[in-house]
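The values are calculated or read from the model by the stated rules, or taken from the named source; none is laboratory data. Note that the structure is a prediction, hence the values are computed from the model and not measured. For neighbour counting, all protein chains shown are included, and Cβ atoms are generated from backbone atoms with ideal geometry for every residue, glycine included.
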Amino acid sequence: MQKLTISVEKNVEPNLHIAHFEGAFDGSVKEPLVELEGLISGSPNKTKVVLDLKNLSYLNSYAIGQLVAWHNHLVKIEGQIILAAPSKNVEDIFNILGISALFKIFPDIQTAVESLR
């Protein structure tokens with residue numbers, strides 16, 4: 001399984017960040033999460049984060065817990081977290097667990113960003 005990497009584009013627009021995930025999000029490697037965690041936890045009100053899941057190959061309960069925690073934090077500060085381009089596998093996991101009810105899910109980054117305008 002490919003280790004998780006996350007690259008973050010900060011302030012693509014004011015208070016809008018895009019995080020690109022690649023590999024397996026399973027909690028085995030915490031280092032890639034540090035920058036995104038700091039960005040989310042230190043966010044000003046109304047911060048929006050788009051998670052690009054196009055290259056995410058796997059996620060487990062640890063990952064789901066992180067996504068829900070980020071969602072809850074951003075909602076408290078009137079922000080949003082939006083998911084973009086999940087694979088069918090990943091989207092199926094969201095649907096089975098009922099997680100898709102928490103998140104807006106879009107087929108690509110462009111559509112996700114446009115929805116926030």
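Would you say Asp26 is surrounded by 13 or more Cβ atoms within 10 Å (Cβ to Cβ), farther than 20 Å from Ser115 by Cβ and out of contact with any Asp or Glu (no Cβ under 7 Å at 6 or more places or on another chain)? Don't jump to the end; show me each part of the working.
On the way: surrounded by 13 or more Cβ atoms within 10 Å (Cβ to Cβ): yes; farther than 20 Å from Ser115 by Cβ: yes; out of contact with any Asp or Glu (no Cβ under 7 Å at 6 or more places or on another chain): yes.
So Asp26 fits the description; yes.
Looking at the range 34-75, which of its residues are farther than 17 Å from Met1 by Cβ and touching an Asp or Glu at 6+ places or on another chain (Cβ under 7 Å)?
Those that are farther than 17 Å from Met1 by Cβ and touching an Asp or Glu at 6+ places or on another chain (Cβ under 7 Å): Asn45, Lys46.
For Tyr58, work out the one condition from (1) in contact with a strand residue (DSSP E or B) (Cβ under 6 Å, 6 or more places away or on another chain); (2) at pLDDT 95 or above it doesn't fulfil.
(2)
Of Ile40, Ile64, which residue is out of contact with any strand residue (DSSP E or B) (no Cβ under 7 Å at 6 or more places or on another chain) and either part of a helix (DSSP H, G or I) or acidic (Asp, Glu) (or both)? Before you say what the answer is, go through the steps one by one.
Details: Ile40 fails: out of contact with any strand residue (DSSP E or B) (no Cβ under 7 Å at 6 or more places or on another chain).
Of the residues listed, the single one that is out of contact with any strand residue (DSSP E or B) (no Cβ under 7 Å at 6 or more places or on another chain) and either part of a helix (DSSP H, G or I) or acidic (Asp, Glu) (or both) is Ile64.
If you check Lys54, Lys46, which single one turns out to be in a strand (DSSP E or B) and touching a residue at least 12 places away in the same chain (Cβ under 8 Å)? First the steps, then the outcome.
Values: Lys46 fails: in a strand (DSSP E or B).
Only one candidate passes the filter, namely Lys54.
Condition first: closer than 16 Å to Val12 by Cβ and among the basic types (Lys, Arg). Now tell me which residues in the range 62-117 satisfy that.
Arg117
Please go through the range 66-114 and pick out each residue that is closer than 21 Å to Asp26 by Cβ, among the small types (Gly, Ala, Ser) and crowded, with 16+ Cβ neighbours inside 10 Å.
Across the range 66-114, the qualifying residues are Ala84, Ala85, Ser100.
Checking Glu35 against (1) surrounded by 14 or more Cβ atoms within 10 Å (Cβ to Cβ); (2) acidic (Asp, Glu); (3) without any contact (Cβ under 8 Å) to a residue 24 or more places away in the chain, which single condition isn't satisfied?
Of everything listed in (1) surrounded by 14 or more Cβ atoms within 10 Å (Cβ to Cβ); (2) acidic (Asp, Glu); (3) without any contact (Cβ under 8 Å) to a residue 24 or more places away in the chain, Glu35 misses just condition (3).
Looking at Ala69, Ala19, which one is of a type in the set (Gly, Ala, Ser), modelled with pLDDT of 95 or more and within 19 Å of Phe106 (Cα to Cα)? Can you show your working first?
Details: Ala69 fails: within 19 Å of Phe106 (Cα to Cα).
Exactly one residue qualifies, and that residue is Ala19.
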